[in-house]
Amino acid sequence: MTVIYLLGGTILSLAGKADPADSAALLRTAGIHLDGPVTVRPFRSVGSQNLTLADLRALAADITLRHAEGVRAFVVAQGTDTMEESSFLLSLLVPTTATIIMTGSMRTADAPGAEGPGNLRDALIAARSLAGHRPGVLVAVAGELHDARLVRKMDSGRIAAFGSPGWGPVGSIITGRVRLAMTPLPAPGPYQWPADRAALRVGLLTVAMDADPLCVQPYADAAWDGLVVEAMGSGHVPQALAAPLAAIAATKPVLLVSRCPQGDTDAHGTYQGDGTAAWLIANGLIDAGSLDGRKARLLLTVLLGAGRDVRAELAGWAGMGVV
């Protein structure tokens, strides 16, 4: 059995419509023949820019329930704008023995050369082929498979919009055959995030040249539960931001990552002085390694929701080579 969840997005939309069209009708119109034991679940009908953490938590709960009933293969079709985030979030919340393939499209269902049907077909093939062999969350777009931990949307318009900077795809789907080229990364979790710990606010601050300390100040407010700092280069910020960030890190978890598409933070201290990565880490910020800011924000939110020790958890991830 394979369960396909439909969340909306371009893959299930008609050109010129503000909202996604009827998902089931579009599947039939597109001529997608779902052979074999398949259940299609219209789960949401929104553009992915409007998906919420609550939506993904509900999806993870439904997948967990069906996985407990014996389902091992899942496909999720959604908009591409937040697919890198939703795939990573699901990887934190679902059973590590489930195989989940995310997919979407860059062209609407009625556009010439719409690639949605092919992507959905590839995702279904990958889910069936890898179930029981390669658990975890992958993104299937344009014939490539990308790991949820690594994938990023690299282009706002091209069909081949996704990539995994510094790594490349973990596999491919060609003429109906799945080929894996890389050993999957470890899959920490799943993390249990109780419903009564839903209201969490974690900020994301991308640091720019000559950034004003006023941009840091709002996150000192008690309304914020945590912060992720996307710093320059290997984790540096202007000196004027160093003390304010350290002050915030004394009151709540603050993760440090690089704003670069590839590479790590300089936790070993190649550079020294106020505002360097070594100084920030020594003064309370938590090294999140090679995670990008958006995924680090999701990880911090989940860890807080699950009541975990953030510093200890990130050290464990580093020990597995995941960050």
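Overview of values
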quantity	calculated
Model label zone, residue 268; criterion: amide N under 17 Å from point 7 Å along Cα-to-beta-carbon; scope segment 286-323	287-290, 318-323
Rg [Å, one decimal], Dmax [Å, integer] - segment 45-201, C-alpha atoms	15.0, 46
Stokes-Einstein D for segment 117-216, Kirkwood Rh over Cα pairs, 25 °C, 0.890 mPa s (µm²/s)	150
Around residue 198: net Lys/Arg minus Asp/Glu count, Cβ-Cβ under 15 Å	0
Computed log₁₀ I(q)/I(0) - Debye formula, equal Cα scatterers, no solvent, segment 190-266, q 0.19, 0.23, 0.24, 0.25 Å⁻¹	-0.81, -1.05, -1.11, -1.17
Value at 222 nm in deg cm²/dmol, rounded to 500, when DSSP H runs of n ≥ 4 in the chain each add -39,500 (n - 2.57)	-8500 deg cm²/dmol
Volume of the Cα convex hull of segment 223-298, divided per residue and given in Å³	74
Segment 163-256: trypsin sites (Lys or Arg not before Pro) falling in loop per DSSP and having at most 16 other Cβ within 10 Å	201
Vicinal HN-Hα couplings computed from phi for segment 302-312 (Karplus, 6.51 cos²θ - 1.76 cosθ + 1.60; Hz; Gly/Pro x)	5, 4, 5, x, 8, x, 8, 6, 4, 4, 5
Whole-number accessible area per residue in Å² for segment 106-162, which is evaluated in the context of all protein chains at 1.4 Å	38
Rg over Rh [alpha-carbon atoms, Kirkwood Rh] for the chain	0.99
Rounded, prolate or oblate (a/c below 1.5 giving rounded, otherwise prolate when a/b exceeds b/c) for segment 141-276 by Cα gyration tensor	prolate
Solvent exposure of segment 209-301 as accessible area per residue, Å², 1.4 Å probe	43
Most mobile listed residue (257, 178, 139) in the chain, GNM with C-alpha springs under 10 Å	178
For segment 30-134: rounded, prolate or oblate by the Cα gyration tensor [a/c cutoff 1.5]	oblate
Model label zone, residue 223; criterion: amide N under 13 Å from point 7 Å along Cα-to-beta-carbon; scope segment 284-313	none
Surface accessible to a 1.4 Å probe, per residue, for the residues of segment 41-84, Å²	41
Dipole in debye (nearest 20) - segment 133-267, about Cα centre, beta carbon charges: Lys, Arg +1; Asp, Glu -1	640
Relative contact order of the chain, pairs being alpha-carbon contacts under 8 Å that are 6 or more residues apart, as %	13
Dipole magnitude of the chain about its Cα centre (Cβ charges: Lys, Arg +1; Asp, Glu -1), debye to nearest 20	860
Solvent exposure ordering (accessible area, 1.4 Å, most first) of 317, 279	279, 317
Cβ-Cβ FRET estimate between residue 110 and residue 195, R0 fixed at 45 Å, reported to 0.05	0.70
Potential extension, residue 250-residue 54 segment - 0.36 nm per residue separation minus Cα distance	67.7 nm
Segments 156-168, 224-236, 298-310 sorted - mean Cβ within 10 Å per residue, highest first	224-236, 298-310, 156-168
Choice from 81, 110, 155 showing the highest fluctuation, given a GNM over the chain with Cα pairs closer than 10 Å	155
Accessible area of the chain belonging to carbon and sulfur atoms, whole % at 1.4 Å probe	53
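The values are calculated or read from the model by the stated rules, or taken from the named source; none is laboratory data. Predicted model only: the values in this text are computed from it and were never measured. Using ideal geometry, Cβ is built from the backbone for each residue, glycine included, and neighbour counts are taken over all protein chains shown. Side chains included, ligands, DNA and RNA excluded: accessible areas come from the protein's heavy atoms. Shrake-Rupley method; radii C 1.70, N 1.55, O 1.52, S 1.80 Å.
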